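Since the structure comes first, as structure tokens, the remarks are kept for the end.
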Amino acid sequence: MKTLDAPGHYTWDPRARRHSIGGLRSLRFSPDGKQLYTGGIEKIGNVDHLGAPGRLEIFDWEKGESLKVIKNGGSFKGLVEHIEFAPDGKWAVLGGGDHGGWLVFVDTQEMKITRELKAPMHIHEFNLNEAADKIYAVGHDKLVRFDLQA
């Protein structure tokens, strides 16, 4: 059994509120199996809202080391609810949000954000099609198709 610590993913505040509002919400192994991508949220100031940047932490899971923490630019706040990789593994897409939603694209070689898209709802789950040119997302009372262009 292997255990990794990810304390930067905000979970709860025992002083302000005694309920979970974040924590790890998503995880995905890289296509080569060497890295583990974990999604959640940064520390929340107001526990009644998801008013903090989404958080992606990338681990070398065999060594138990954190390789990189990526916060989605501050323009889109909320939880990273789902992570998927392009078929070639060169990029990953994160989906989530607060009262609104977003998709964030990450270059897996450079480990940096390359694109952010606003969504019409908080995204709970999505699927990337085989051609990696469409994303089907579900969230608050909506199903949305995103058509991707290079």
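Laboratory data are not the source of any read-out in this text; all were calculated from the coordinates shown. The structure displayed is predicted, hence computed values, not measured ones. All Cβ positions, glycine included, derive from the backbone under ideal geometry; neighbour counts span all protein chains shown.
Counting neighbouring beta carbons within 10 Å and listing from fewest to most, the residues H124, H140, H9 come out as H140, H124, H9. Distance between the 7 Å Cα→Cβ label points at L117 and K2: 3.2 nm. Between R25, R115, R55, the Gaussian network model of the chain with springs among Cα atoms under 10 angstrom shows the greatest mean-square fluctuation at R115. Checked against a 32 Å cut-off, the cross-linked pairs K2/K142; K112/K142; K63/K118; K63/K134 give Cα-Cα distances beyond that limit for K2/K142; K63/K118; K63/K134.
What's the extension gain from K43 to Q109 if we count 0.36 nm per residue and subtract their Cα-Cα distance?
Fully extending the segment from K43 to Q109 adds 21.1 nm.
Taken one residue at a time, the phi angles of region 78-93 give Karplus couplings (6.51, -1.76, 1.60, θ = phi - 60°) of x, 7, 8, 8, 7, 9, 9, 10, 5, x, 8, x, 6, 8, 10, 10 Hz. Gly and Pro are set to x. Values (1) -0.40, -1.04; (2) -0.53, -1.19; (3) -0.48, -1.15 are given for comparison; log10 I(q)/I(0) by the Debye sum over Cα atoms at q = 0.11, 0.18 Å⁻¹, derived from the coordinates here, is the one labelled (1).
The alpha carbon gyration tensor of region 71-150 gives principal lengths a ≥ b ≥ c with a/c of 1.5 or higher and a/b no greater than b/c, which makes the shape oblate. Ranked for footprinting exposure by Cβ neighbours inside 10 Å, fewest first, V104, V144 give V144, V104.
Can you tell me how much longer the chain between V69 and N129 gets when fully stretched, taken as 0.36 nm per residue apart minus their C-alpha distance, in nm with one decimal?
Stretched out fully, the V69 to N129 stretch lengthens by 18.9 nm.
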